[in-house]
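Novice: I have a structure here, written as structure tokens, and I will follow up with some questions on it.
Computed from the coordinates by the stated procedures, all read-outs in this text should not be read as laboratory data. Quick caveat: nothing in here was measured; it's all calculated off a predicted structure. Quick reminder, even Gly has a Cβ in these numbers, built from the backbone with ideal geometry, and neighbours come from all protein chains shown.
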Amino acid sequence: MPLVTSTEMFKKAYEGHYAVGAFNVNNMEIIQGIVAAAQQEKSPLILQVSAGARKYANHIYLMKLVEAAIEDTGLPICLHLDHGEDFDICKACIDGGFTSVMIDGSKHPFEENIEMTRRVVEYAHERGVVVEAELGRLAGVEDAVKVNTKDATYTDPDQAVEFVERTGCDSLAIAIGTSHGAYKFKGKPELDFARLEKITNMLPGYPLVLHGASTVIPSFVEECNKYGGKLDGAQGVPEDMLLQAGKFGVCKINIDSDGRLAMTAKVREVFATKPAEFDPRKYLGPARDELKKLYMHKVVNVLGSAGKA
Ligand code: G3H
Ligand code: 13P
Ligand code: ZN
């Protein structure tokens, strides 16, 4: 089976009131951990690559690893560019075999965002590739960009309708209170579900995307802290809120930080308990197993996508 786009996945997810996980990948162990989880749970899967991941691992290595995962498992996998900042990176990923790209014009004024999104949509659609865009602005850290809470803006429902109509984008990432990274809420976690419901009602059947959806599992934070990490105050989105979002037209849920925390916690544990260890397989292997466990949990308990492949 070749790589697939997210079109069918989102259609089924929308109708079935669940979401497909979009997990960030940077190397072989991460890909294998995620894919093993999806295979065991028979879940559809979006693997996403940021500009940073592309720079770190090199486009062709990631591409070939994902192709190997498909050949190995037969799973429907969509390969997606996460947070493409301009036409050029989207074009490079489309030309380089990705089946989905995100053009993230959310930091630009509305008209500029529309213009750049429309250009990418035109190029992508001519080549059978789908496009995610973003309207509204999440707080937090993405790549080298840090958005302060005061600069974050929630998505305006009327603008969302106009944006989708004028750009023809296939899915839309919205801002309703999640943020990137491990520190999402200082006090009580709150998402603007009224806004989400309004957008869903105004765009019936249309797939929405939620970024910044790590739950920041306390046990991984504790593990990191126990072995010298300093993650005090890290707090993610509660699981029940994500399940609820999946019932309100959110078809794609982005998770990266949880994987980072899980992997790092395990590597720290290995080094702390076996200080003489120097075989990378002896710490990357357990980290890969830990990722599999984490993503199985996500697929079953947070996304509801188990058995939907
Ligand atoms: O939203 C950003 C993702 O977590 C990717 O992070 O750009 O550091 O690879 P990165
Ligand atoms: P987290 O930092 O919450 O994992 O969000 C990841 C994300 O939105 C990637 O695009
Ligand atoms: Zn994101």
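Novice: So which GluC sites (Glu not before Pro) in the range 187-273 are both in a DSSP loop and have at most 12 other Cβ atoms within 10 Å of their Cβ?
Specialist: Answer by residue number: E190.
Novice: Still on this model: In 20 Å bins starting at zero, report the fraction of Cα pairs in the chain per bin as a rounded %.
Specialist: 35, 60, 6
Novice: For the range 186-302, what class follows from the C-alpha gyration tensor (a ≥ b ≥ c being the square roots of its eigenvalues): rounded when a/c is under 1.5, otherwise prolate if a/b is larger than b/c, else oblate?
Specialist: prolate
Novice: Using the Cα centre of the chain as origin and beta-carbon charges of +1 (Lys, Arg) and -1 (Asp, Glu), tell me which of A175, A19, A262 is placed farthest towards the positive end of the dipole.
Specialist: A262
Novice: Please list the equivalent ellipsoid semi-axes of the range 1-114, computed as the square roots of five times the alpha-carbon gyration tensor eigenvalues, in descending order and whole angstrom. Could the numbers behind the result be given before it?
Specialist: Values: eigenvalues 111, 68, 26 Å².
Those come to 24, 18, 11 Å.
Novice: Quick one: putting +1 on the C-beta of Lys and Arg, -1 on the C-beta of Asp and Glu, what dipole do you get for the range 64-212 around its Cα centre, in Debye to the nearest 20?
Specialist: Roughly 560 debye for the range 64-212.
Novice: Counting other C-beta atoms within 10 Å, and keeping those with at most 15, which DSSP coil trypsin sites (Lys or Arg not before Pro) do you find in the range 22-62?
Specialist: Here the trypsin sites (Lys or Arg not before Pro) that fit, given the DSSP loop and packing criteria, are K42.
Novice: Considering the chain as a Gaussian network with a 10 Å cut-off on Cα pairs, which listed residue, K12, K292, K274, attains the greatest mean-square fluctuation?
Specialist: K274
Novice: Filter the GluC sites (Glu not before Pro) in the range 75-127 down to the DSSP loop ones having no more than 12 other Cβ atoms within 10 Å, then list what survives.
Specialist: E126
Novice: For K186, which aspartates and glutamates qualify as cross-link partners when the Cα separation must be under 16 Å and same-chain residues fewer than eight apart are set aside?
Specialist: Within the straight-line limit of under 16 Å, K186 reaches these aspartates and glutamates: D232.
Novice: If you put +1 on each Lys and Arg Cβ and -1 on each Asp and Glu Cβ, how big is the dipole of the chain around its Cα centre, in Debye rounded to 20?
Specialist: Here the chain has a charge dipole of around 860 debye.
Novice: State the answer as a single residue: which of V250, M296, P189 lies farthest towards the positive end of the charge dipole of the range 159-309, with beta carbon charges of +1 for Lys and Arg and -1 for Asp and Glu, about the Cα centre.
Specialist: M296
Novice: Say the cut-off is 25 Å between C-alpha atoms; which of K55/K107; K266/K298; K12/K107; K188/K247 go over it?
Specialist: Exceeds cut-off: K12/K107.
Novice: With everything on Cα atoms, drop me the angle between helix 28-41 and the longest principal axis of the chain, reported from 0 to 90° to the nearest 10.
Specialist: Tilt of helix 28-41: around 80 degrees.
Novice: Also: List, in the order given, every pair from K184/K274; K252/K292; K42/K292 whose Cα-Cα distance in the structure shown is over 23 Å.
Specialist: K184/K274, as the Cα separations exceed 23 Å there.
Novice: Treat every Asp and Glu Cβ in the range 258-309 as -1 and every Lys and Arg Cβ as +1, leave all other atoms uncharged, and give the resulting dipole magnitude about the Cα centre to the nearest 20 debye.
Specialist: It comes to approximately 140 debye.
Novice: Additional query: Check cross-link reach from K308 to the aspartates and glutamates: straight Cα distance under 17 Å, and skip same-chain residues fewer than eight apart.
Specialist: The reachable aspartates and glutamates, counting only those whose Cα sits under 17 Å from K308, are E8, E15, E41.
Novice: Using a/c under 1.5 as the rounded threshold, could you call the range 1-57 rounded, prolate or oblate? The axes a ≥ b ≥ c are square roots of the C-alpha gyration tensor eigenvalues, and prolate needs a/b larger than b/c, oblate otherwise.
Specialist: Taking the square roots of the gyration eigenvalues as a ≥ b ≥ c, the range 1-57 is prolate.
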